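Have a look at the structure below before the remarks.
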């Protein structure tokens with residue numbers, strides 16, 4: 001699917017020709033007459049709203065099969081760079097969720113020079129993975145030549161533009177922006193930012209926090225964000241992986257032991273709770289901890305007291321516990337992998353979205369990983385627009401960790417400065433069949449009934465994941481909040 005993004009301007013839909021009363025097709029009509037598009041998004045400011053409606057009307061007449069939508073950019077000043085960039089980013093995030101498999105094109109011949117420059121910066125940096133088109137007036141084109149040309153950012157004559165990993169938000173505390181920059185916590189997807197802000201708010205309290213999310217989504221970075229924004233920031237943060245504990249020594253590793261407590265205990269030893277005293281303890285893969293040790297952990301979290309192996313008295317500890325798991329909580333409790341009372345003790349949870357649910361952040365992450373690799377190896381590798389599009393289409397079962405691995409492998413083994421889609425080295429072992437779990441049609445199978453049940457199940461899951469918030473659920477599903485609301489009303 002091909003999607004065109006363009007502002008409208010005072011030369012749309014028609015402009016005056018050299019001969020009096022002669023009209024020529026403006027930039028939008030010109031580019032759509034020479035290139036085929038399935039959808040066109042017309043960006044409009046208040047001063048061009050009438051022009052935009054007329055352009056939409058002309059496109060409907062000329063291209064009845066093409067879907068044409070209008071994106072409002074409510075700026076009185078069409079030269080406001082920051083305002084233009086903000087609205088373009090917001091609109092593109094929404095468009096990208098509905099057109100995840102699309103090839104995007106941007107026409108930079110309509111609108112103000114400030115709008116053209118904003119498009120160019122967003123596309124050249126890879127923030128919007130699109131190809132740039134420009135049109136030329138008929139009088140400047142030789143007979144038989146195309147009026148539409150494409151701008152090639154891989155040409156060495158163009159300077160390299162890099163995106164910011166963290167975009168300041170007017171609704172976000174400046175301290176949060178500083179911490180995100182320090183931790184390299186990259187992204188501005190709406191669902192992702194909601195959880196970032198939630199983690200930042202929870203940091204000001206001292207209660208335990210449970211981080212939920214698939215493997216590789218960045219749970220440790222969220223834990224560091226909470227610690228860094230808390231009153232314990234000047235104290236240590238101790239990180240440990242519960243899957244690395246040996247079952248026979250797990251109590252000793254957590255709480256410590258006295259000399260002679262067991263064979264080989266030749267000296268007193270502090271556990272990780274005491275090492276983190278006054279600070280934060282991050283327990284990754286909590287669901288891998290044996291249930292019998294979870295009971296001791298519950299006591300330590302609830303009462304702030306531990307007991308070393310070989311001792312009969314308790315020791316007080318002042319530790320803020322953050323835990324993380326990639327397990328399905330409901331199933332883990334049912335399977336006895338996670339104690340229900342321990343889960344309830346973690347009163348606050350943060351649900352970190354998977355990379356496939358925040359695809360608009362993939363270009364920023366990929367460019368950031370490439371920038372870090374270039375800095376460490378004194379190279380100047382960069383991605384082509386086609387490579388970024390290929391990255392955005394992957395399912396990424398390994399999430400950010402997998403993306404980083406692909407970027408590094410591709411950079412290491414590509415002999416070219418510009419990495420194209422043919423140079424991307426994916427780990428095919430991680431790919432899963434797209435038809436896993438789908439039924440085999442047999443006699444009596446009703447496809448509409450199956451799709452209806454599947455739709456209902458997925459929407460319910462999204463609502464549960466978002467605590468019933470319809471707007472957040474809609475963002476996860478790539479739908480509008482109105483569509484989710486309409487679905488729920490129809491089910492009553």
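The values are calculated or read from the model by the stated rules, or taken from the named source; none is laboratory data. None of these values were measured; they are calculated from a predicted model. Don't worry about glycine lacking a Cβ; one is built from the backbone with ideal geometry, like all the others, and counts go over all protein chains shown.
For segment 190-229, what are the residues that are in a loop (DSSP other than H, G, I, E, B), in contact with a strand residue (DSSP E or B) (Cβ under 7 Å, 6 or more places away or on another chain) and either at pLDDT 95 or above or crowded, with 18+ Cβ neighbours inside 10 Å (or both)?
Result: 208, 213.
What are the pairs with Cβ atoms under 9 angstrom where one residue, in segment 306-332, is free of Cβ contacts under 8 Å to residues at least 12 places away in the same chain and the other, located anywhere, is part of a strand (DSSP E or B) and surrounded by fewer than 19 Cβ atoms within 10 Å (Cβ to Cβ)? Sequence gap at least six, or different chains.
The qualifying pairs are 314/305.
Hey, can you tell me all the residues within segment 372-388 that are crowded, with 19+ Cβ neighbours inside 10 Å and either over 21 Å from the mean Cα position of the chain (by Cα) or not in a helix (DSSP H, G or I) (or both)?
381, 382, 383, 384 - these are the residues of segment 372-388 that are crowded, with 19+ Cβ neighbours inside 10 Å and either over 21 Å from the mean Cα position of the chain (by Cα) or not in a helix (DSSP H, G or I) (or both).
From 294, 302, 351, grab the single residue that is in contact (Cβ under 8 Å) with a residue 40 or more places away in the chain, under 26 Å from residue 216 (Cβ atoms) and out of contact with any strand residue (DSSP E or B) (no Cβ under 9 Å at 6 or more places or on another chain).
Answer to the check: 294.
Inspect segment 137-156 for any residue being in a strand (DSSP E or B), loosely packed, with under 15 Cβ neighbours inside 10 Å and at pLDDT 90 or above and give the result as yes or no.
Within segment 137-156, one or more residues are in a strand (DSSP E or B), loosely packed, with under 15 Cβ neighbours inside 10 Å and at pLDDT 90 or above.
Out of everything in segment 466-475 that is assigned to a helix (DSSP H, G or I) and at pLDDT 80 or above, what residue ends up being surrounded by the fewest Cβ atoms within 10 Å (Cβ to Cβ)?
Going through the qualifying residues, I end up with 471.
Might you let me know whether segment 13-29 holds any residue that is modelled with pLDDT of 95 or more and within 23 Å of residue 389 (Cα to Cα)?
No, segment 13-29 contains no residue that is modelled with pLDDT of 95 or more and within 23 Å of residue 389 (Cα to Cα).
For segment 275-320, enumerate the residues that are within 26 Å of the chain's Cα centre (by Cα) and buried (at least 23 other Cβ atoms within 10 Å of the Cβ).
282, 283, 286
Being touching a residue at least 12 places away in the same chain (Cβ under 8 Å) and either closer than 19 Å to residue 356 by Cβ or surrounded by fewer than 16 Cβ atoms within 10 Å (Cβ to Cβ) (or both) narrows it down to one of 454, 462, so name that one.
Exactly one of 454, 462 is touching a residue at least 12 places away in the same chain (Cβ under 8 Å) and either closer than 19 Å to residue 356 by Cβ or surrounded by fewer than 16 Cβ atoms within 10 Å (Cβ to Cβ) (or both), namely 462.
Which condition breaks for residue 318 when tested against (1) at pLDDT 90 or above; (2) under 30 Å from residue 129 (Cβ atoms)?
(2)
Here are 391, 425: which of them is part of a helix (DSSP H, G or I), modelled with pLDDT of 80 or more and surrounded by 11 or more Cβ atoms within 10 Å (Cβ to Cβ)?
Unique residue meeting the criteria: 391.
Can residue 342 be described as surrounded by 17 or more Cβ atoms within 10 Å (Cβ to Cβ), assigned to a helix (DSSP H, G or I) and in contact (Cβ under 8 Å) with a residue 12 or more places away in the chain?
yes
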